[in-house]
Amino acid sequence: MQAVVRSNPQIEDTVIGTLIFDPSYMSVVLEEGIRESHFLELVNQKIFEVLLKLWNEKGNNLTYDLIVEALKRERVIPDYIDEEKLIERYSTNFVRSVEILREYCQLLKKYALRKELVEIANEILSKDYRDPEELLEMLLDKTFELSSKRDIAPYVSLADIVPQLKETIERFEKSQSHITGISSGFPDLDRLTTGFHGGDLVIVAGRPGMGKSSFALSIAKYVAQREGLPVGFFSLEMAKDQLALRLLSFLSRIPLYDLRLGKLTKEQKEILQKSFEELQSLPIYIDDSAALSTTDLRIKALRMKKERGIELLIVDYLQLLRGVKKYSSRQEEVAEISRSLKALAKELDIPVIALAQLSRQVEQRSDKRPQLADLRESGQIEQDADLIIFLHRPEYYMKLKKKEVPPDMQGKVEIIVAKQRQGPTGIVEALFIDKLSLFEPKDPTEEEPFLEELEEEEIGDADVDLGELDLDF
């Protein structure tokens, strides 16, 4: 059984009648976003198509006689309505007020929206969706498509934009800040990227051992603590208590190992108590659900945005997400996941930082710096990302080979901007404090680093198993 789509002929006829007897109102109707698809009555659709075509050709220089001639030429008269019925039907249905006409247009759009929702319901009833996730994804796509086209943004000329642009540049000049997005907490990186921007997909990639999760958590801490902005953190690998423990170590500067042992000095306990209070105040919202699908992620992220107003979303990590259907290859699935993350960034209008693993071919080269070609399983990631960052810790590979680490290499991290859609590529340095699993700027007072252009590069990550913590105070 299918739902029935009902129209409101009086509303439709009033809009059409107004346009027939005063075509100058066409600009008002179009500004309200009305198109032929908003009319459910077929005759009204056909008349609107002819009126729109005429208006595009002649503008407001239209008369009733010209309109009737065009309706006859396009066979709307007599195939859908004869001329006598045309006058009878529409001559008593028109308005002479812009405000009232706008109200009728809004009502017309509401009936059209109801029609489209009914059509979605009928599609669900007519098709056999054996996979509930596929059905849910279809519903989300359809409803998002409907909501995004409900209001048509007006066009603007460059002359309209320039005054606002001047104000923006003047504001930047007065603030003397190079950051126009959300700061990462790493000044050198911000100088290169101008921060993270709404709608952007940021990929932070690396091999295991490079500290991807810690880097993302360091950014989350800074954004929540220093910027005061809510952050959503989806952890598909680490449990929420493990993430909280790392944040506690960041805030207290007490090594993770000491926290796990629970054998703390009196001074450390006092520091920790204050850090607990600070941790509770951080607007970071963690979801540690395992094996999330892109649909699950989208629903949860939309809820976080609506209820908590998140301004940054972090996903740890991309390859642990699932697509919504069966794929012929893993590459196809990862490509779909990448596209969905980019779409989510645009939908929420916030930066989405997704961590990603790199392929093992990094380990097979003498130079362990990663390259874009090392992005695992899909070139689609490189295509979708607005910003790709690799983490490279030379110290990690030296220790693997049991080599002595020179003082200037201890804790050194290269943050490699391998792709940036709106800016240059380059390398900046930071510090990794191993005992805290914390990334920090190399030196906030240091002059801007030397930036070197990259042709191809890439990196890895370090995730410590923290286990259960039982602190006895």
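Within the range 336-346, is there a residue that is part of a loop (DSSP other than H, G, I, E, B) and in contact with a helix residue (DSSP H, G or I) (Cβ under 8 Å, 6 or more places away or on another chain)?
Scanning the range 336-346, I find no residue that is part of a loop (DSSP other than H, G, I, E, B) and in contact with a helix residue (DSSP H, G or I) (Cβ under 8 Å, 6 or more places away or on another chain), so the answer is no.
Just the residues that are in contact (Cβ under 8 Å) with a residue 12 or more places away in the chain and either under 12 Å from residue 232 (Cβ atoms) or touching a helix residue (DSSP H, G or I) at 6+ places or on another chain (Cβ under 9 Å) (or both), please, taken from the range 317-329.
317, 318, 319, 321, 322, 323, 324, 325
Tally the residues that are surrounded by fewer than 21 Cβ atoms within 10 Å (Cβ to Cβ) and either of a type in the set (A, V, I, L, M, F, W, C) or without any contact (Cβ under 8 Å) to a residue 24 or more places away in the chain (or both), restricting the search to the range 413-435.
Residues in the range 413-435 being surrounded by fewer than 21 Cβ atoms within 10 Å (Cβ to Cβ) and either of a type in the set (A, V, I, L, M, F, W, C) or without any contact (Cβ under 8 Å) to a residue 24 or more places away in the chain (or both): 3 in total.
Would you confirm whether any residue within the range 18-25 is surrounded by 12 or more Cβ atoms within 10 Å (Cβ to Cβ), over 30 Å from residue 125 (Cα atoms), at pLDDT below 85 and of a type in the set (S, T, N, Q)?
Among the residues of the range 18-25, at least one is surrounded by 12 or more Cβ atoms within 10 Å (Cβ to Cβ), over 30 Å from residue 125 (Cα atoms), at pLDDT below 85 and of a type in the set (S, T, N, Q), which makes the answer yes.
Is there a residue in the range 373-396 that is in contact (Cβ under 8 Å) with a residue 40 or more places away in the chain, of a type in the set (Val, Ile, Thr) and more than 24 Å from residue 331 (Cβ to Cβ)?
No, because not a single residue in the range 373-396 is in contact (Cβ under 8 Å) with a residue 40 or more places away in the chain, of a type in the set (Val, Ile, Thr) and more than 24 Å from residue 331 (Cβ to Cβ).
(1) in a loop (DSSP other than H, G, I, E, B); (2) surrounded by fewer than 24 Cβ atoms within 10 Å (Cβ to Cβ): which one isn't true of residue 350, the others all being true?
Result: residue 350 passes all but (2).
Only one residue in 337, 310 is farther than 29 Å from residue 226 by Cβ, within 17 Å of the chain's Cα centre (by Cα) and of a type in the set (A, V, I, L, M), so which one is that?
Just one listed residue meets the conditions, 337.
Out of the residues in the range 82-113 meeting the condition of being free of Cβ contacts under 8 Å to residues at least 60 places away in the same chain and within 29 Å of the chain's Cα centre (by Cα), tell me which one is nearest to residue 16 (Cα to Cα).
Checking each candidate, the answer is 110.
Would a scan of the range 216-227 turn up a residue that is of a type in the set (Phe, Trp, Tyr) and in contact (Cβ under 8 Å) with a residue 60 or more places away in the chain?
The answer is no, given that none of the residues of the range 216-227 is of a type in the set (Phe, Trp, Tyr) and in contact (Cβ under 8 Å) with a residue 60 or more places away in the chain.
Could you list, in sequence order, the residues of the range 298-317 that are closer than 15 Å to residue 351 by Cα and not in a loop (DSSP other than H, G, I, E, B)?
Hits for the range 298-317 are 298, 301, 302, 304, 305, 312, 313, 314, 315, 316.
Which residue pairs have Cβ atoms closer than 8 Å, lie 6 or more positions apart in sequence or on different chains, and pair a first residue in the range 39-53 that is assigned by TED's automatic domain parsing to the domain that holds residue 28 and closer than 13 Å to residue 8 by Cα with a second residue that is of a type in the set (Ser, Thr, Tyr) and assigned to a helix (DSSP H, G or I)?
40/111
If you take the residues in the range 317-342 that are within 12 Å of residue 356 (Cβ to Cβ) and surrounded by fewer than 22 Cβ atoms within 10 Å (Cβ to Cβ), which one is modelled with the highest pLDDT?
That would be 320.
Could you list, in sequence order, the residues of the range 385-430 that are assigned to a loop (DSSP other than H, G, I, E, B), over 23 Å from residue 443 (Cβ atoms), of a type outside the set (Asp, Glu) and over 32 Å from the mean Cα position of the chain (by Cα)?
401, 402, 403, listed by residue number.
Given the conditions (1) over 30 Å from residue 434 (Cβ atoms); (2) more than 16 Å from the chain's Cα centre (by Cα), which single one is not true for residue 360?
It fails just one condition, (1).
Listed here are the residues, each with its yes/no results for (1) outside the structural domain of residue 432 (by TED's automatic domain parsing); (2) in contact with a helix residue (DSSP H, G or I) (Cβ under 6 Å, 6 or more places away or on another chain); (3) surrounded by 18 or more Cβ atoms within 10 Å (Cβ to Cβ); (4) in contact (Cβ under 8 Å) with a residue 24 or more places away in the chain.
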site: 242; (1), (2), (3), (4): no, no, yes, yes
site: 251; (1), (2), (3), (4): no, yes, yes, yes
site: 257; (1), (2), (3), (4): no, no, no, yes
site: 278; (1), (2), (3), (4): no, yes, no, yes
site: 282; (1), (2), (3), (4): no, yes, yes, yes
site: 297; (1), (2), (3), (4): no, no, yes, yes
site: 302; (1), (2), (3), (4): no, no, no, yes
site: 315; (1), (2), (3), (4): no, no, yes, yes
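The values are calculated or read from the model by the stated rules, or taken from the named source; none is laboratory data. Quantities reported herein were computed from a predicted structural model and do not represent experimental measurements. Cβ: placed from backbone, ideal geometry, glycine included. Neighbour counts: every protein chain shown.
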